[in-house]
1. In percent, how large is the relative contact order of the chain, given Cα pairs closer than 8 Å and 6 or more residues apart?
2. Using Cβ counts within 10 Å as a stand-in for footprinting exposure, how do 69, 85 rank, fewest first?
3. Rank the residues 70, 48 as a footprinting-exposure proxy: fewest other Cβ atoms within 10 Å of their Cβ go first.
4. Rounded, prolate or oblate, given the Cα gyration tensor of segment 58-97, with a/c below 1.5 counting as rounded?
5. On a full-extension model of 0.36 nm per residue, what is the gain between residue 29 and residue 102, subtracting their alpha-carbon distance, rounded to one decimal in nm?
6. With 10 angstrom as the radius, rank 75, 45 by how many other C-beta atoms surround their C-beta, starting from the fewest.
7. Just 50, 28, 94 to compare: in a GNM of the chain, with alpha carbon springs under 10 Å, which one fluctuates most?
8. Assuming a ≥ b ≥ c are the square roots of the Cα gyration tensor eigenvalues, decide whether segment 33-104 counts as rounded (a/c under 1.5), prolate (otherwise, with a/b larger than b/c) or oblate.
């Protein structure tokens, strides 16, 4: 029988940048990532990738080209890919945000 559990608890964190770490599970052309942002995370450039996710803990502030939106614990979100939805995420000082992202590879 196949195991359908994504065992994030026993995965190692990958830390590609200050204030940003994640655990990823990939199967076929799907990826599920558990992502944590802290106040140290700073996006130098605008992100134009699309994202589908759910806020597990904390708050994530997202700047959509000058328009600030707050996503709170329990919120789901869908950000379309492209220049019209370019964005930068950040977390308030002293806080963190834990998010699950659903992606295609």
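Every read-out reported here was derived from the displayed coordinates using simple, explicitly stated rules and does not represent laboratory data. Keep in mind that what you see is a predicted model, and the values were worked out from it rather than measured. Don't worry about glycine lacking a Cβ; one is built from the backbone with ideal geometry, like all the others, and counts go over all protein chains shown.
1. Computed value for the chain: 32 percent relative contact order.
2. With the sparsest Cβ surroundings first, the list reads 69, 85.
3. Working: 70 11, 48 14.
Ranking 70, 48 by Cβ neighbours within 10 Å, fewest first, gives 70, 48.
4. oblate
5. Numbers: separation 73, 0.36 × 73 = 26.28 nm, distance 1.09 nm.
Residue separation times 0.36 nm, minus the Cα-Cα distance, leaves 25.2 nm.
6. 45, 75
7. So, out of 50, 28, 94, the one fluctuating most is 28.
8. In terms of gyration-tensor shape, oblate.
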